[in-house]
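Structure in structure tokens, see below.
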Amino acid sequence: MKITNIAYGALLIGVLSIGCVREDLSDCVYDDEGTVSRHTLLLSYKGDGTTEIFNDKICCVELYVFDGNNQCVYSGELSSEEVASRSVDLPLLSPDTYQVVCLGNTHYTDVQGLETCAFENIVFGSKAYFNGEEVSGNDSLYHASLTLPVTKSGESHTIEFSSSHYDLSVEVAGTPVTEGKATGPLKIEVCGVCPCTDFQNRACGDAVDYVLPVEYQADGTLLAETNIMRHDDHESVDVCVRSSTDELLAQVNLADFLSSNPVIDCTKQEVLIPIHIAFTSLGVEVSVPQWYLEEVKPEF
């Protein structure tokens, strides 16, 4: 494991437990043969099925260990070998009941609030958001949590990951016209989204607007793709299409869209929310893309 937090990494000098040091191992955990034991963490993610797909979905993992007082006693990043094998030996821990939290795919993600010792106040989100910069989305994030009683013998513990994000795809077809003139380059925003998720895997934080990167496809369709946190409340979230002068051209409420298109099941672990917005001579039409319906119902 590679230490990513210098403040907590310093605890490794003391082997991460009071009294458990090289000179005095009386308070350390021993196995049946009288040697210091380790607890092994086995990483698992099966998504919406029964087959292990951890390595298909998660390529890097950050590990956090909290003691019985919710003090963070270890913070580190797993090595590529540990991620590939889905197995990591936890640092030496004295007897206590610990909480282990893992985050997957934290490429452009930061963690705030470790010093609060309260999982509802420890949050992760885009580094751009915490830096006060414009946010375009989140990593494809995954979260796992495990209560770990440390006793006299080392054991293996499986920690199950859950998704912390939705995939969002927005297609814009046609050319909107205002006052008889084409509007020029368009902007796509997701407004009112929760920018963070706490260590209980709940979306949180004051609502912000994401400005999505866009590109034109060969057929002239404008495409924007991003990830957002897994909201419980979709009513406050809108997908907006704006002109280059910030004129609102189309607005799609996420709750209304999901209600009108039950084929999109947000209770699943792996969720893609695809929105097709078409500007026609009759106005604005909003639908689920045909390609998505064909994938969901291949018999069509």
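The values are calculated or read from the model by the stated rules, or taken from the named source; none is laboratory data. Quick caveat: nothing in here was measured; it's all calculated off a predicted structure. Note: ideal-geometry Cβ built from the backbone for every residue, glycine included; neighbour counts use all protein chains shown. Surface accessibility is based on the protein's heavy atoms, side chains included, excluding ligands, DNA and RNA. Shrake-Rupley method; radii C 1.70, N 1.55, O 1.52, S 1.80 Å.
Could you say which residue among 52, 115 is farther than 28 Å from residue 212 by Cα and in a helix (DSSP H, G or I)? Full working, then the answer.
Numbers: 52 fails: in a helix (DSSP H, G or I).
None of the other options fit; the residue is 115.
Residue by residue through the stretch 153-184, note down the ones that are at pLDDT 85 or above, open to solvent by 10 Å² or more (accessible area, probe 1.4 Å) and β-branched (Val, Ile, Thr).
Selection gives 158 alone.
Moving on. Hey, can you tell me all the residues within the stretch 118-139 that are charged (D, E, K, R), assigned to a loop (DSSP other than H, G, I, E, B) and open to solvent by 70 Å² or more (accessible area, probe 1.4 Å)? So that I can check it myself, show each step before the final result.
Kept after step one, since they are charged (D, E, K, R), are these residues of the stretch 118-139: 120, 127, 133-134, 139.
Going one step further and asking which of them are assigned to a loop (DSSP other than H, G, I, E, B), we end up with 120, 133-134, 139.
Across the stretch 118-139, the qualifying residues are 120, 133, 134.
While we're on this one: Just a yes or no: is a residue in the stretch 77-88 in a loop (DSSP other than H, G, I, E, B) and in contact with a helix residue (DSSP H, G or I) (Cβ under 6 Å, 6 or more places away or on another chain)? Show your work before the answer.
Step one: filter the stretch 77-88 for residues in a loop (DSSP other than H, G, I, E, B), giving 78-79, 86.
Adding the requirement that they be in contact with a helix residue (DSSP H, G or I) (Cβ under 6 Å, 6 or more places away or on another chain) leaves 86.
Within the stretch 77-88 (the criterion being in a loop (DSSP other than H, G, I, E, B) and in contact with a helix residue (DSSP H, G or I) (Cβ under 6 Å, 6 or more places away or on another chain)), the answer is yes, since at least one residue qualifies.
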